[in-house]
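Reading through the structure tokens given below for one structure.
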Protein chains: 2
Amino acid sequence: MSNPSTTVSTRPPLGCAAVMMQVLRGELRERELPFTHQREAIAQILFESTRHLSADDVAASLRQRGEHAGKATVYRTLALLVELGLATEHDFDEGFKRYETQVGAAQHDHLICTECGRVSTFHHPELDRILAEAAAEKGFAPITRQVKIFGTCSESAACRKALRTYREVGPTS
Amino acid sequence: MSNPSTTVSTRPPLGCAAVMMQVLRGELRERELPFTHQREAIAQILFESTRHLSADDVAASLRQRGEHAGKATVYRTLALLVELGLATEHDFDEGFKRYETQVGAAQHDHLICTECGRVSTFHHPELDRILAEAAAEKGFAPITRQVKIFGTCSESAACRKALRTYREVGPTS
DNA sequence: AAGCGGATTGAGAACCAGTCTCGAATCCGA
DNA sequence: TCGGATTCGAGACTGGTTCTCAATCCGCTT
């Protein structure tokens, strides 16, 4: 977890930010909520990013564009996007939350490297079925789920080395 | 999430707290760490509990037994138990962490009711295989995983009612 | 039993992500 | 353009968790 800002996603860099923005505009109108400049700017940043952004990352991106929004607004807007189903919230055990655009039904789960902090995604065709079965068996009606695998990736030499060391010394140390 | 202190686990109330304590003593000796009175008391509370305890819960249990430990010690000891593999840490989106004894290889995952806050467990025989496959395919070496299903349980009338309402109104409101 | 070196403890301060407050600014339909 | 409702934002606040460091405890040796 040396550099949390380098988290990446394997989701393709869609050029659909504009489409997402139209969806947001529609959702807001439907709820009679104003489409403010701040909401547009924050949503834009999230929609255009292929990474998992923290509230701080969003504020930094705003600054970089010469814009600005109070942190209360950043948090409120991110929460709003989650509520509208246009973003998802993630906790990668860093002590703060990260956000990501929710593009339609592109369900996926995360692999988090405990060495370098990189986050990648995976999708297993059987996972949905398995979790649905497990919930049904317990009389539980699922709404959302979180599936995270923590471990070591093979992206950098440092991670591969850490992995070798880990295998030599053993899991309990 | 009305009453977070009523979380339950379906793990049977094992009488193995004494055994766990011996394991702890051994692990500490092996690492040349002192077996202090506070470590014993905090571990005892966790080993004897069948619930998911927060740091606050642990401190309250200590008080109830006429003992006491500074909160720094409670947090440090819980982190130590996790590091030794004798406990696991969970985040049920309550804004704080909960801890649970890790009895051997009794791997299980959690169902969290967003209405009443109850936490129950499940085990699906295929889940391990699926996650291992997914990680392997991405060249990722898994260490731990977190699988959580958020939804509505059927334990109380209130939860069953909330579920009906939810189904009528639809997921997006 | 007493001494000793090193790790732990604990009260409280510090930290920090996230929330709240409330007057000012903005939005948007008419 | 106007007006009423909503949002914005600077900064105070909250609460879980970590840090600080002097006093204490542990476990080993004599």
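Annotations for the structure displayed:
- Residues in the stretch B:16-36 that are over 30 Å from B:Glu94 (Cα atoms) and within 13 Å of DNA strand D (Cβ to nearest atom): B:Arg25, B:Gly26, B:Glu27, B:Leu28, B:Arg29, B:Glu30, B:Arg31, B:Glu32, B:Leu33, B:Pro34, B:Phe35, B:Thr36.
- Identity of the residue in the stretch A:47-62, part of a helix (DSSP H, G or I) and more than 14 Å from DNA strand C (Cβ to nearest atom), that ends up surrounded by the most Cβ atoms within 10 Å (Cβ to Cβ): A:Phe47
- Any hit, the stretch A:101-108, residues being at pLDDT 95 or above and either near DNA strand C (Cβ under 8 Å from one of its atoms) or among the polar types (S, T, N, Q) (or both): no
- Considering the stretch B:66-160, the qualifying strands (runs of 3 or more DSSP E), each wholly inside and each with 3 or more residues that are open to solvent by 40 Å² or more (accessible area, probe 1.4 Å), run over B:141-152.
- Subset of the stretch A:95-135 [basic (Lys, Arg) and under 22 Å from B:Ile112 (Cα atoms)]: A:Lys97, A:Arg98, A:Arg129
- The single condition among (1) in contact (Cβ under 8 Å) with a residue 24 or more places away in the chain; (2) under 15 Å from the mean Cα position of the chain (by Cα); (3) within 12 Å of DNA strand D (Cβ to nearest atom) that A:Leu53 does not satisfy is (3).
- Candidate set from the stretch A:63-89 (those that are within 11 Å of DNA strand C (Cβ to nearest atom) and free of Cβ contacts under 8 Å to residues at least 24 places away in the same chain); member that is farthest from the other protein chains (Cβ to nearest Cβ): A:Gly70
- Cβ pairs under 8 Å, 6+ apart, first in the stretch B:115-144 and more than 7 Å from every other protein chain (Cβ to nearest Cβ), second part of a loop (DSSP other than H, G, I, E, B) and charged (D, E, K, R): B:Cys116/B:Glu155; B:Gly117/B:Glu94; B:Arg118/B:Glu155; B:Thr121/B:Arg11
The values are calculated or read from the model by the stated rules, or taken from the named source; none is laboratory data. In this text, all values refer to a predicted model and were calculated from it rather than measured experimentally. Using ideal geometry, Cβ is built from the backbone for each residue, glycine included, and neighbour counts are taken over all protein chains shown. Note: areas computed on protein heavy atoms with side chains; ligands, DNA, RNA excluded. Shrake-Rupley method; radii C 1.70, N 1.55, O 1.52, S 1.80 Å.
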